[in-house]
Amino acid sequence: MILFSLALAVQLATPAETLTVREGGRIVSIPIVATPAGPLVSAAPVFRALGATYTRPARDRVAVQAGAARIELTIGLPFARVGVQTVPLSVPPAVRDSQVLVPLTLISEVLPRVAPEYRYDVASMVVSRLSTGVATPANGSQARNPAPGPAPDARQPPRAAPVPGATVASAPARAAARARRVVVVDAGHGGPDRGMRGPIGSRNKVHEADITLAVSKRLRTALQERGLEVVMTRTTDTLIALDDRGRIANRAAADLFLSIHVNAANLRWKNPRLARGFETFFLAEAKTEDEKRVADMENDAARFELDVETEPGDPLSFLLSDMKQNEFLRESSALAATIQGGLKSVHPGTDRGVKQAGFRVLIAAYMPAVLIELGFGTNAAEARWLASARGQQVLAKAIADATMRYLADYERRTSGVGTP
C-alpha cells in the first residue's frame, strides 16, 4: 500500500501564523506551517497544551484522548477515526524532523465537533478548553446537542461525509437547496502522466490520458442531458494528484464518483496483444493477481507527484477494516455492477466483470465510487475503437444510462417502493 507523504511540501514550508492554545489560565502559541496542501500544526504541543493525552503507538500512528473522544490518525492518510466513525481530513498528517504535523482543521473543526469542551474562535485563531461538564460518548458523537438539526431523509442517496471547514446542511436542506444529483467525472492521468501507451507494436500510438479526457467530456454532456450536475476533476491535459481527485468530489458533496481509465496488458502474458475487454472496479482488497496488477498500474501515477513511501498492507487495510460495512462500499459494488452491465450491451470486447482492488484514487472519495477500465489500449482493434469519436460516444452514453439506472434503483431500494 502506498503511504502518502507531504515531506517535500513540508520541507519547503515556513511558519506564517500562530495558533493560540488557551487552557485554564495558560496560553501557548503554536506555529502554523503553511504547505501547498493546507496549513498544518505540530500535534504533540497542541494536544498537550489542551490537556489531551497524546501518544504515538507506532511510527505511522497517532492517538489522542480529548475528553471522552478518542481520535486515531495514520500518517499520510486523509481521514481520522473517532470512535467508530471515520472523518475525512482536509490534509493528511505528515512528519517533519520526527514531529507529527496534523491539519489545522483537525483542531478548528473536528475537535470541537466531537469533544464539546473544546472551542475554536476563527477570528482570533484561538482554541480553548472549557469546563462544561458535557460528556462525549466513546463513538465520537456528542451526548447532548443543544440545537439538533432535522432528521436525515433516508430516501436521499448516500452523500459525501462532511469535509472539515465546510458548512454542512441536513439532507432535506440540501435537497431543497439543490434538487439535482451531483456526479464527479474523473478523467484518469493527464499532464506528464500519459498513462497507458499502445497499441503494442504499432507506430501510431494512443495515450490513456487523451482517451480518458475525451470520454469524460462526452460523459459530462450525456449526464447533463439527463438532468445531473457534473463536476470534472480535470478538463484539460493537466496533472491532478490522485488524492486531490477524491477531495474534489468531497468538496462538491457529490453523490457519485466515476474515474475513467484505459487498461494495458502485461507484456509477460502469453499473446499480450490479444488481451481485450472492459471491467469496473470498486474499492476493496484485491482478491486476484490481476486485480492487484491493475491497481498497481493505476496507482503508479503517484510517481509524478511528491515523493512517496511504500508500506505494504497498512493504511488501506486500516481503512477497509474500519469501513468494511460502510454503505459507500456496498453501494460502490452495486454501482460497479450496474455500469458493467450497461457496457456489456454495447462494448465489442470481452466482459471481464466487476472487480475490486486498492485504488488510491478511490480511497479519499467518501461516496459510492468506481474505476472504469474502458478497454485495452494495447490491443490494436480496441485502441482504434477507444480513440474513435463513435466509440467514445457509445461508451459515454452507456455509462450515463447505467448511472441513471443505479440512481433510480437506489431510490426504489431506500424508499421501500415495491417491498411488502
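Figure legend. Inter-residue proximity from region 220-236: first residues farther than 19 Å from residue 405 by Cα, second residues acidic (Asp, Glu) and surrounded by fewer than 19 Cβ atoms within 10 Å (Cβ to Cβ), beta-carbon distance below 9 Å, spacing 6+ or different chains. Indicated pairs: 233/244.
Here's the yes/no breakdown for (1) out of contact with any helix residue (DSSP H, G or I) (no Cβ under 7 Å at 6 or more places or on another chain); (2) closer than 19 Å to residue 385 by Cα:
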{"residue": "184", "(1), (2)": "no, no"}
{"residue": "187", "(1), (2)": "no, yes"}
{"residue": "191", "(1), (2)": "yes, no"}
{"residue": "194", "(1), (2)": "no, yes"}
{"residue": "200", "(1), (2)": "no, yes"}
{"residue": "205", "(1), (2)": "yes, yes"}
{"residue": "213", "(1), (2)": "yes, yes"}
{"residue": "226", "(1), (2)": "no, no"}
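Of all residues in region 370-392, none are under 23 Å from the mean Cα position of the chain (by Cα) and small (Gly, Ala, Ser).
For region 86-93, the criterion of being open to solvent by 10 Å² or more (accessible area, probe 1.4 Å) and free of Cβ contacts under 8 Å to residues at least 24 places away in the same chain is met by none of the residues. Of the residues 373, 382, the single one that is over 22 Å from residue 333 (Cβ atoms) and open to solvent by less than 10 Å² (accessible area, probe 1.4 Å) is 382.
When we screen 48, 70, 81, 56 for residues that are of a type in the set (D, E, K, R) and free of Cβ contacts under 8 Å to residues at least 12 places away in the same chain, the only hit is 48. Take residue 115 and tell me if it is open to solvent by less than 80 Å² (accessible area, probe 1.4 Å), modelled with pLDDT under 50 and not hydroxyl-bearing (Ser, Thr, Tyr). No. Looking at region 73-85, which of its residues are surrounded by 18 or more Cβ atoms within 10 Å (Cβ to Cβ) and outside any loop (DSSP other than H, G, I, E, B)? Scanning region 73-85 gives 73, 74, 79, 80, 81, 82. Taking helices (runs of 4 or more DSSP H) as the structural unit, those lying wholly within region 325-391 and holding at least 2 residues that are among the β-branched types (Val, Ile, Thr) correspond to 327-344, 360-363.
For region 51-65, the set of residues classified as under 22 Å from the mean Cα position of the chain (by Cα) and assigned to a strand (DSSP E or B) consists of 61, 62, listed by residue number. Restricting attention to region 398-420 and to residues that are β-branched (Val, Ile, Thr) and open to solvent by 40 Å² or more (accessible area, probe 1.4 Å), the residue that is modelled with the lowest pLDDT turns out to be 419.
Here's the yes/no breakdown for (1) within 18 Å of residue 184 (Cα to Cα); (2) modelled with pLDDT under 90; (3) in a loop (DSSP other than H, G, I, E, B); (4) open to solvent by less than 40 Å² (accessible area, probe 1.4 Å):
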residue: 209; (1), (2), (3), (4): yes, no, no, yes
residue: 214; (1), (2), (3), (4): yes, no, no, yes
residue: 222; (1), (2), (3), (4): yes, no, no, yes
residue: 236; (1), (2), (3), (4): yes, no, yes, no
residue: 239; (1), (2), (3), (4): yes, yes, yes, no
residue: 250; (1), (2), (3), (4): yes, yes, no, yes
residue: 258; (1), (2), (3), (4): yes, no, no, yes
residue: 261; (1), (2), (3), (4): yes, no, no, yes
residue: 270; (1), (2), (3), (4): no, no, yes, no
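Residues that are open to solvent by less than 50 Å² (accessible area, probe 1.4 Å) and under 24 Å from the mean Cα position of the chain (by Cα) within region 38-50 comprise 38, 40, 41, 43, listed in sequence order. State whether one or more residues within region 78-101 are more than 27 Å from residue 130 (Cβ to Cβ), in contact with a Pro (Cβ under 8 Å, 6 or more places away or on another chain) and at pLDDT 80 or above. Scanning region 78-101 turns up at least one residue that is more than 27 Å from residue 130 (Cβ to Cβ), in contact with a Pro (Cβ under 8 Å, 6 or more places away or on another chain) and at pLDDT 80 or above.
The values are calculated or read from the model by the stated rules, or taken from the named source; none is laboratory data. Bear in mind that the values here come from a model prediction, so they are computed numbers and not experimental data. Note that each Cβ is placed from the backbone with ideal geometry, even for glycine, and that neighbours are counted across all protein chains shown. Ligands, DNA and RNA are stripped out before the accessible areas are found, and what is left, the full protein with its side chains, is counted by its heavy atoms. Shrake-Rupley method; radii C 1.70, N 1.55, O 1.52, S 1.80 Å.
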